[in-house]
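Asks: My structure is below; once you've seen it, I'll send some questions.
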Amino acid sequence: MTSTPRHFLNTQDWSRADLDALLARAAGFKRDRLGDQLRGKSIALVFFNPSMRTRTSFELGAFQLGGHAVVLQPGKDAWPIEFDHGTVMDGEAEEHVAEVARVLGRYADLIGVRAFPKFVDWSVDREDRVLKAFAKYSPVPVINMETITHPCQELAHAMALQEHFGTSDLRGRKFVLTWTYHPKPLNTAVANSALTIATRMGMDVTLLCPTPEYVLDERYMGWAEANVAESGGSLAVSHDIDSAYAGADVVYAKSWGALPYFGNWAPEKPIRDRYKHFIVDERKMALTNDGVFSHCLPLRRNVKATDAVMDSPRCIAIDEAENRLHVQKAVMATLANR
Ligand code: CP
């Protein structure tokens, strides 16, 4: 038995020592891909949204450790699920999460859940109800495969930075999380997560976004404040591109919709359209301290970042994507053998 949390819902729930142990274990899996830590075990991967990296890396990660993964897409190849309690289920949903999570927990040793916000009412989305419902009813550990945070991406990013800088100590590095344009208002999950892990690692973090409306939810800003108080890093919000990029060691890009417009996106679109120049390009990267660039992917080239930035040796997005495989094996092996 260990004192690690039962589930992997957010890195903020895990101690720094436990996160460091996951990263060390992931580094071991990067050196030695095959193992038997999941022999005879299985994971049910429940996807409410599309994926390339997450699905592939979880399935192959389970396989490489001797386990088996089953993918379910409720509403497509599995029954639609109800999450509210007390609902008269006379609509689309054929079963309730109370049954789904408990049945899957009888079959599998782990459950992964991907459930993006509905983008209608942030006060509802910020409750992370789907993930929390699975965690509540599941008798086995639940892993967040991206809901309103993306903790597996956080670990993969931290690992890529540690590899690049050749040290697990990232304190004192300037980390810029920059909003970038996208034609659609996207999930804030990766931005919330980047802010969380960079402050947790003691970096000097600047959140660069077009206007105050694009500042992230107070919960994640609060986590970041708490993290820098503990880790010795710093946190700043900037709307000025050049000063934010100046001297940066890391530029991490993500697009997201402004929270005040959840459910009424029409007025947000012309605002977002005014800030296409937030694209990560060679001129901006030249302002950095020979900094590295990364993104969680998928990325629209020449919208979020230029071809030259993506094809530069300073781009570590592919390393980060590879590390999803290793960190998720560490998470699965740790939770399945508690
Ligand atoms: N970064 C990431 O989670 O990629 P997918 O959406 O392809 O899984």
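The values are calculated or read from the model by the stated rules, or taken from the named source; none is laboratory data. Quick caveat, the model's predicted, so the values are computed rather than measured. Every residue, glycine among them, receives a Cβ derived from its backbone with ideal geometry; neighbour counts consider all protein chains shown.
Asks: Any idea which of (1) acidic (Asp, Glu); (2) out of contact with any strand residue (DSSP E or B) (no Cβ under 8 Å at 6 or more places or on another chain); (3) surrounded by 18 or more Cβ atoms within 10 Å (Cβ to Cβ) is the one Glu146 doesn't satisfy?
Replies: (2)
Asks: Take Val251 and tell me if it is touching a residue at least 12 places away in the same chain (Cβ under 8 Å) and crowded, with 24+ Cβ neighbours inside 10 Å. Step through it out loud before you land on a result.
Replies: Values: touching a residue at least 12 places away in the same chain (Cβ under 8 Å): yes; crowded, with 24+ Cβ neighbours inside 10 Å: yes.
Answer is yes for this residue.
Asks: Take the residues of region 298-332 that are assigned to a loop (DSSP other than H, G, I, E, B) and within 15 Å of the ligand (Cβ to nearest atom): which is nearest to Pro141 (Cα to Cα)?
Replies: Within region 298-332, the match that is nearest to Pro141 (Cα to Cα) is Pro298.
Asks: Continuing with this model, one more query. For region 34-56, which positions are in contact (Cβ under 8 Å) with a residue 40 or more places away in the chain, within 23 Å of Ala160 (Cβ to Cβ) and more than 16 Å from the ligand (Cβ to nearest atom)?
Replies: Within region 34-56, Gly35, Gln37 qualify.
Asks: Looking only at region 74-124, count how many residues are in a helix (DSSP H, G or I) and touching a helix residue (DSSP H, G or I) at 6+ places or on another chain (Cβ under 7 Å).
Replies: 5
Asks: What are the residue pairs meeting all of these: first residue in region 277-304, first residue in the same structural domain as Ala246 (by TED's automatic domain parsing) and within 18 Å of Lys184 (Cβ to Cβ), second residue of a type in the set (Asp, Glu) and modelled with pLDDT of 95 or more, Cβ atoms under 7 Å, and 6 or more apart or on different chains?
Replies: These pairs meet every condition: Arg301/Asp307.
Asks: Among the listed residues Leu23, Leu60, which satisfies the condition of being surrounded by fewer than 21 Cβ atoms within 10 Å (Cβ to Cβ), touching a residue at least 60 places away in the same chain (Cβ under 8 Å), within 16 Å of the ligand (Cβ to nearest atom) and outside any loop (DSSP other than H, G, I, E, B)?
Replies: Leu60
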